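Presented below is the structure to which this report refers.
The values are calculated or read from the model by the stated rules, or taken from the named source; none is laboratory data. All values reported here derive from a predicted model rather than from experimental measurement. Cβ placement follows ideal geometry from the backbone for every residue including glycine, while neighbour counts extend to all protein chains displayed.
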Amino acid sequence: MHTPQRLARIAGLLYLIMAICGAFAEIVRATVYEPGDAATTAKNVAIHAGLVRASVVADLVAVPIGLLTAMALYLLLKHVHANAARAMVIFLAIAAAMMALNLAHQLQALHVSEAAYPSAFDTQGSDVVLLMLDLHHNGYLMTQVFFGLWLLPMGYLVYRSRMIPRVIGVLLIVGCFGYLVDTFARFTAPDLGAVLSPFVVTPPAVAEVSMLLWLLVKGVRIPQRDRPAAVAAA
(Lines give C-alpha, C1' and ligand atoms only; values in the text may rest on other atoms or scores of the structure.)
Protein backbone atom coordinates (compact mmCIF):
# COMPACT_ATOMS: atom_id res chain seq x y z
CA MET A 1 0.00 0.00 0.00
CA HIS A 2 1.12 3.56 -0.66
CA THR A 3 2.00 5.74 2.29
CA PRO A 4 0.18 9.09 2.58
CA GLN A 5 3.35 10.96 1.59
CA ARG A 6 3.80 8.88 -1.54
CA LEU A 7 0.14 9.26 -2.46
CA ALA A 8 0.41 13.01 -1.99
CA ARG A 9 3.43 13.24 -4.29
CA ILE A 10 1.74 11.05 -6.91
CA ALA A 11 -1.42 13.18 -6.75
CA GLY A 12 0.65 16.36 -7.00
CA LEU A 13 2.58 15.11 -10.04
CA LEU A 14 -0.59 13.98 -11.81
CA TYR A 15 -2.28 17.28 -10.96
CA LEU A 16 0.69 19.16 -12.43
CA ILE A 17 0.57 17.18 -15.67
CA MET A 18 -3.17 17.79 -15.95
CA ALA A 19 -2.67 21.52 -15.34
CA ILE A 20 0.12 21.83 -17.92
CA CYS A 21 -1.86 19.98 -20.60
CA GLY A 22 -5.00 21.98 -19.89
CA ALA A 23 -3.17 25.32 -19.87
CA PHE A 24 -1.43 24.54 -23.16
CA ALA A 25 -4.71 23.57 -24.83
CA GLU A 26 -6.46 26.69 -23.55
CA ILE A 27 -3.65 28.98 -24.75
CA VAL A 28 -3.85 27.46 -28.24
CA ARG A 29 -7.62 27.88 -28.37
CA ALA A 30 -7.35 31.49 -27.25
CA THR A 31 -4.81 32.06 -30.04
CA VAL A 32 -6.97 30.77 -32.88
CA TYR A 33 -10.54 31.41 -31.73
CA GLU A 34 -12.02 34.82 -32.60
CA PRO A 35 -15.68 34.88 -31.50
CA GLY A 36 -17.91 36.36 -34.18
CA ASP A 37 -15.17 36.44 -36.82
CA ALA A 38 -15.51 33.33 -38.96
CA ALA A 39 -12.91 34.25 -41.58
CA THR A 40 -10.16 35.05 -39.06
CA THR A 41 -10.93 31.99 -36.93
CA ALA A 42 -10.87 29.63 -39.91
CA LYS A 43 -7.62 31.15 -41.17
CA ASN A 44 -6.02 30.86 -37.72
CA VAL A 45 -7.04 27.23 -37.40
CA ALA A 46 -5.60 26.42 -40.82
CA ILE A 47 -2.33 28.27 -40.22
CA HIS A 48 -1.87 26.76 -36.75
CA ALA A 49 -3.24 23.32 -37.59
CA GLY A 50 -0.36 21.52 -35.90
CA LEU A 51 -0.85 23.44 -32.66
CA VAL A 52 -4.61 22.91 -32.74
CA ARG A 53 -4.11 19.17 -33.19
CA ALA A 54 -1.57 19.15 -30.36
CA SER A 55 -4.05 20.97 -28.11
CA VAL A 56 -6.64 18.26 -28.77
CA VAL A 57 -4.10 15.60 -27.82
CA ALA A 58 -3.12 17.59 -24.72
CA ASP A 59 -6.73 17.70 -23.55
CA LEU A 60 -7.13 14.00 -24.30
CA VAL A 61 -4.11 13.34 -22.08
CA ALA A 62 -5.51 15.63 -19.37
CA VAL A 63 -8.77 13.65 -19.20
CA PRO A 64 -7.40 10.31 -17.90
CA ILE A 65 -4.67 12.06 -15.90
CA GLY A 66 -7.39 14.07 -14.17
CA LEU A 67 -9.26 10.88 -13.29
CA LEU A 68 -6.06 9.37 -11.88
CA THR A 69 -5.52 12.56 -9.86
CA ALA A 70 -9.01 12.27 -8.38
CA MET A 71 -8.42 8.59 -7.56
CA ALA A 72 -5.13 9.37 -5.81
CA LEU A 73 -6.78 12.14 -3.79
CA TYR A 74 -9.62 9.77 -2.94
CA LEU A 75 -7.17 7.25 -1.49
CA LEU A 76 -5.40 10.02 0.38
CA LEU A 77 -8.48 11.68 1.88
CA LYS A 78 -11.26 9.07 2.02
CA HIS A 79 -10.63 8.50 5.75
CA VAL A 80 -11.81 12.07 6.43
CA HIS A 81 -15.27 11.63 4.89
CA ALA A 82 -15.93 8.76 2.47
CA ASN A 83 -19.01 10.29 0.82
CA ALA A 84 -17.27 13.63 0.21
CA ALA A 85 -14.31 11.77 -1.32
CA ARG A 86 -16.68 9.84 -3.60
CA ALA A 87 -18.44 13.05 -4.63
CA MET A 88 -15.07 14.58 -5.53
CA VAL A 89 -14.30 11.68 -7.90
CA ILE A 90 -17.82 11.66 -9.39
CA PHE A 91 -17.79 15.39 -10.17
CA LEU A 92 -14.44 15.14 -11.92
CA ALA A 93 -15.50 12.00 -13.80
CA ILE A 94 -18.53 13.86 -15.18
CA ALA A 95 -16.32 16.80 -16.17
CA ALA A 96 -13.83 14.47 -17.84
CA ALA A 97 -16.54 12.73 -19.89
CA MET A 98 -18.05 16.06 -21.00
CA MET A 99 -14.62 17.43 -21.88
CA ALA A 100 -13.66 14.38 -23.96
CA LEU A 101 -16.91 14.42 -25.94
CA ASN A 102 -16.68 18.17 -26.45
CA LEU A 103 -13.27 17.83 -28.08
CA ALA A 104 -15.03 16.35 -31.12
CA HIS A 105 -16.18 19.88 -31.99
CA GLN A 106 -12.63 21.24 -31.94
CA LEU A 107 -11.35 18.32 -34.00
CA GLN A 108 -14.12 18.78 -36.57
CA ALA A 109 -13.23 22.47 -36.90
CA LEU A 110 -9.67 21.39 -37.70
CA HIS A 111 -10.82 18.83 -40.27
CA VAL A 112 -13.03 21.35 -42.08
CA SER A 113 -10.24 23.91 -42.06
CA GLU A 114 -7.63 21.48 -43.40
CA ALA A 115 -9.98 20.29 -46.15
CA ALA A 116 -10.91 23.73 -47.43
CA TYR A 117 -7.89 25.99 -46.82
CA PRO A 118 -6.05 27.56 -48.57
CA SER A 119 -7.43 26.68 -52.01
CA ALA A 120 -11.01 27.95 -51.87
CA PHE A 121 -12.04 28.72 -48.33
CA ASP A 122 -15.57 30.02 -48.90
CA THR A 123 -17.85 31.70 -46.38
CA GLN A 124 -19.71 28.47 -45.66
CA GLY A 125 -16.51 26.65 -44.72
CA SER A 126 -15.44 29.48 -42.42
CA ASP A 127 -18.86 29.53 -40.78
CA VAL A 128 -18.66 25.81 -40.05
CA VAL A 129 -15.24 26.21 -38.42
CA LEU A 130 -16.53 29.04 -36.24
CA LEU A 131 -19.69 27.08 -35.39
CA MET A 132 -17.65 24.09 -34.23
CA LEU A 133 -15.42 26.25 -32.05
CA ASP A 134 -18.45 28.11 -30.68
CA LEU A 135 -19.92 24.76 -29.70
CA HIS A 136 -16.63 23.76 -28.09
CA HIS A 137 -16.40 27.06 -26.22
CA ASN A 138 -19.93 26.79 -24.83
CA GLY A 139 -19.47 23.11 -24.03
CA TYR A 140 -16.28 23.93 -22.13
CA LEU A 141 -18.16 26.54 -20.08
CA MET A 142 -20.77 23.90 -19.21
CA THR A 143 -18.03 21.48 -18.22
CA GLN A 144 -16.62 24.16 -15.93
CA VAL A 145 -19.64 23.64 -13.63
CA PHE A 146 -18.29 20.21 -12.70
CA PHE A 147 -14.68 21.37 -12.64
CA GLY A 148 -15.92 23.83 -10.03
CA LEU A 149 -18.01 21.34 -8.09
CA TRP A 150 -15.11 18.91 -7.66
CA LEU A 151 -13.23 21.63 -5.75
CA LEU A 152 -15.98 21.83 -3.12
CA PRO A 153 -15.61 18.35 -1.58
CA MET A 154 -11.85 18.54 -2.12
CA GLY A 155 -11.69 21.78 -0.15
CA TYR A 156 -13.87 20.29 2.58
CA LEU A 157 -11.65 17.22 2.84
CA VAL A 158 -8.48 19.30 2.91
CA TYR A 159 -9.91 21.58 5.59
CA ARG A 160 -11.08 18.71 7.78
CA SER A 161 -8.00 16.52 7.34
CA ARG A 162 -5.39 18.98 8.70
CA MET A 163 -2.93 17.11 6.47
CA ILE A 164 -2.66 20.15 4.19
CA PRO A 165 -2.89 23.80 5.34
CA ARG A 166 -6.50 24.72 5.99
CA VAL A 167 -6.14 27.92 4.01
CA ILE A 168 -5.79 25.81 0.85
CA GLY A 169 -9.05 24.07 1.71
CA VAL A 170 -10.75 27.45 2.05
CA LEU A 171 -9.29 28.61 -1.26
CA LEU A 172 -10.58 25.48 -2.99
CA ILE A 173 -14.10 26.05 -1.65
CA VAL A 174 -14.00 29.69 -2.75
CA GLY A 175 -12.63 28.54 -6.10
CA CYS A 176 -15.64 26.29 -6.61
CA PHE A 177 -17.98 29.26 -6.45
CA GLY A 178 -15.64 31.29 -8.65
CA TYR A 179 -16.01 28.77 -11.46
CA LEU A 180 -19.79 28.58 -10.97
CA VAL A 181 -20.19 32.37 -11.01
CA ASP A 182 -18.06 32.59 -14.16
CA THR A 183 -20.13 29.97 -16.01
CA PHE A 184 -23.57 31.29 -15.10
CA ALA A 185 -22.59 34.93 -15.59
CA ARG A 186 -21.25 34.17 -19.07
CA PHE A 187 -24.52 32.48 -20.06
CA THR A 188 -27.03 34.80 -18.39
CA ALA A 189 -25.28 38.16 -18.89
CA PRO A 190 -22.48 37.72 -21.46
CA ASP A 191 -21.19 41.30 -21.31
CA LEU A 192 -21.07 41.33 -17.52
CA GLY A 193 -19.64 37.81 -17.50
CA ALA A 194 -16.78 38.85 -19.77
CA VAL A 195 -15.90 41.67 -17.36
CA LEU A 196 -16.19 39.49 -14.25
CA SER A 197 -14.40 36.46 -15.65
CA PRO A 198 -10.76 37.46 -14.95
CA PHE A 199 -11.66 38.22 -11.34
CA VAL A 200 -13.80 35.18 -10.53
CA VAL A 201 -11.52 32.59 -12.17
CA THR A 202 -8.42 33.84 -10.36
CA PRO A 203 -9.34 32.30 -6.95
CA PRO A 204 -9.81 28.77 -8.36
CA ALA A 205 -6.57 29.09 -10.34
CA VAL A 206 -4.67 30.15 -7.22
CA ALA A 207 -6.34 27.39 -5.19
CA GLU A 208 -5.49 24.61 -7.63
CA VAL A 209 -1.91 25.76 -8.16
CA SER A 210 -1.44 26.02 -4.38
CA MET A 211 -2.88 22.54 -3.90
CA LEU A 212 -0.75 20.83 -6.53
CA LEU A 213 2.47 22.58 -5.49
CA TRP A 214 1.91 21.75 -1.83
CA LEU A 215 1.28 18.09 -2.63
CA LEU A 216 4.28 17.93 -4.94
CA VAL A 217 6.77 19.84 -2.77
CA LYS A 218 5.59 19.42 0.82
CA GLY A 219 3.43 16.32 0.69
CA VAL A 220 1.09 15.98 3.67
CA ARG A 221 1.28 16.26 7.43
CA ILE A 222 0.28 13.02 9.09
CA PRO A 223 -1.74 13.67 12.28
CA GLN A 224 -0.02 12.20 15.33
CA ARG A 225 -2.85 9.75 16.05
CA ASP A 226 -2.58 8.39 12.48
CA ARG A 227 1.18 7.87 12.46
CA PRO A 228 1.25 4.27 13.79
CA ALA A 229 -1.32 3.17 11.21
CA ALA A 230 0.55 4.92 8.41
CA VAL A 231 3.84 3.32 9.47
CA ALA A 232 2.20 -0.09 9.63
CA ALA A 233 0.67 0.36 6.19
CA ALA A 234 4.07 1.21 4.76
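Per-structure values
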quantity: Residue ranges of helices (runs of 4 or more DSSP H) in the range 1-119 with at least 3 members within 30 Å of Ile222 (Cα to Cα) and either small (Gly, Ala, Ser) or under 22 Å from the mean Cα position of the chain (by Cα) (or both); calculated: 4-32, 49-77, 82-116
quantity: Those residues of the range 43-55 which are buried (at least 20 other Cβ atoms within 10 Å of the Cβ) and either among the acidic types (Asp, Glu) or in contact (Cβ under 8 Å) with a residue 40 or more places away in the chain (or both), in sequence order; calculated: Val45, Ala46, Val52, Ser55
quantity: Index of the failed condition, Pro198 passing every other in (1) at pLDDT 90 or above; (2) surrounded by 12 or more Cβ atoms within 10 Å (Cβ to Cβ); calculated: (2)
quantity: Condition met for Leu107 (closer than 26 Å to Ala205 by Cα and hydrophobic (A, V, I, L, M, F, W, C)); calculated: no
quantity: Selection status of Thr188, within 16 Å of the chain's Cα centre (by Cα) and among the polar types (S, T, N, Q); calculated: no
quantity: Ser126 over 30 Å from Ala46 (Cα atoms), among the hydroxyl-bearing types (Ser, Thr, Tyr), buried (at least 17 other Cβ atoms within 10 Å of the Cβ) and modelled with pLDDT under 95; calculated: no
quantity: Unique residue being touching a Leu at 6+ places or on another chain (Cβ under 7 Å) and in contact (Cβ under 8 Å) with a residue 24 or more places away in the chain when the list is Pro165, Pro204; calculated: Pro204
quantity: Those residues of the range 64-97 which are closer than 14 Å to Tyr140 by Cα and either surrounded by 19 or more Cβ atoms within 10 Å (Cβ to Cβ) or basic (Lys, Arg) (or both), in sequence order; calculated: Leu92, Ala95, Ala96
quantity: Long-range neighbours under 6 Å by Cβ, at least six apart or interchain, first residue within 20 Å of Phe147 (Cα to Cα) and without any contact (Cβ under 8 Å) to a residue 12 or more places away in the chain within the range 177-195, second of a type in the set (A, V, I, L, M) and surrounded by 12 or more Cβ atoms within 10 Å (Cβ to Cβ); calculated: Gly193/Ala185
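Rundown of residues vs (1) among the small types (Gly, Ala, Ser); (2) within 21 Å of Val158 (Cβ to Cβ), yes/no style:
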position	(1), (2)
Gly22	yes, yes
Thr31	no, no
Ala62	yes, no
His105	no, no
His111	no, no
